[in-house]
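The values are calculated or read from the model by the stated rules, or taken from the named source; none is laboratory data. Not measured: the values here are computed from a predicted model. Note that we place each Cβ from the backbone using ideal geometry, even for glycine, and neighbour counts take in every protein chain shown. With ligands, DNA and RNA removed, areas are computed over all heavy atoms of the protein, side chains included. Shrake-Rupley method; radii C 1.70, N 1.55, O 1.52, S 1.80 Å.
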Amino acid sequence: MSRVTTLDRRTVLRGGLVVGVAVAGVGAVSVSGCSTGPSEETITAERLTPLVRSALADEKSARALVTAEAGYAAALTVVADQRAEHARALREEIIRLDQDVATTLDEPAPSTSPAPATPPTLVGFRTDLERSSGEARDVAISLSGYPAGLVGSVAAAVTSMREVQLA
């Protein structure tokens, strides 16, 4: 009888080992099958990326308008310098948040149609600044902490540029 008990115990132990391996395998599959997705830092960095591109585009437009709009040359220079500073500060925050996202900043923005090669006008530039400000405002509302404050600051500054500097 003791032989039967020993065999039963071995059988039970082997069965337990097989079940344990099977459960561990299921656990490994379920862990690897669940993607946690991008981190909060990556999502924030990705939200800031278009703002860097907008700031650089605004800077470029402002500098192009300096010679065409002599009466606004000083104001446009201030706007260009400030938008360059916005791009720098946003870029630094993206670098801090996610190095991989930061490497995409120098790639051209995805576009569905080629941009027209018309020179900027002051009226068009004001419209661009309004769009940039609204975009920054919307992003700021969706963020929290330092990035929200940084982007909110950018939105307010761009609105001020449009409403005060270029009035």
Every residue from region 27-52 that is surrounded by 10 or more Cβ atoms within 10 Å (Cβ to Cβ) and at pLDDT below 90:
27, 28, 29
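Confirm whether residue 93 is part of a helix (DSSP H, G or I) and surrounded by 15 or more Cβ atoms within 10 Å (Cβ to Cβ). Lay out the reasoning, then the answer.
Numbers: part of a helix (DSSP H, G or I): yes; surrounded by 15 or more Cβ atoms within 10 Å (Cβ to Cβ): yes.
In short, yes.
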Right, residue 83: modelled with pLDDT of 95 or more, open to solvent by 90 Å² or more (accessible area, probe 1.4 Å) and part of a helix (DSSP H, G or I) or not?
no
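Determine which member of the set 122, 150 is in contact with a Phe, Trp or Tyr (Cβ under 7 Å, 6 or more places away or on another chain) and on the phi < 0 side of the Ramachandran plot. Step through it out loud before you land on a result.
Working: 150 fails: in contact with a Phe, Trp or Tyr (Cβ under 7 Å, 6 or more places away or on another chain).
So the residue among 122, 150 that is in contact with a Phe, Trp or Tyr (Cβ under 7 Å, 6 or more places away or on another chain) and on the phi < 0 side of the Ramachandran plot is 122.
Select, from 55, 62, the only residue that is of a type in the set (A, V, I, L, M), surrounded by 19 or more Cβ atoms within 10 Å (Cβ to Cβ) and over 23 Å from residue 145 (Cβ atoms).
Numbers: 55 fails: over 23 Å from residue 145 (Cβ atoms).
None of the others qualify; the one that does is 62.
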Can you name the condition, by its number, that residue 24 falls short on among (1) at pLDDT 90 or above; (2) open to solvent by 60 Å² or more (accessible area, probe 1.4 Å)?
(1)
In region 135-161, which residue that is in contact with an Asp or Glu (Cβ under 9 Å, 6 or more places away or on another chain) and free of Cβ contacts under 8 Å to residues at least 40 places away in the same chain is farthest from residue 86 (Cα to Cα)?
159
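Step by step: first the residues of region 68-80, then only those that are touching a residue at least 40 places away in the same chain (Cβ under 8 Å) and in a helix (DSSP H, G or I), then the one that is surrounded by the fewest Cβ atoms within 10 Å (Cβ to Cβ). Which residue is that?
Initial filter on region 68-80 (touching a residue at least 40 places away in the same chain (Cβ under 8 Å)): 68-69, 72, 75-76, 78-79.
From the residues that got through so far, the ones that are in a helix (DSSP H, G or I) too are 68, 72, 75-76, 78-79.
Details: 68: 13, 72: 19, 75: 19, 76: 25, 78: 15, 79: 27.
The extreme case among them is 68.
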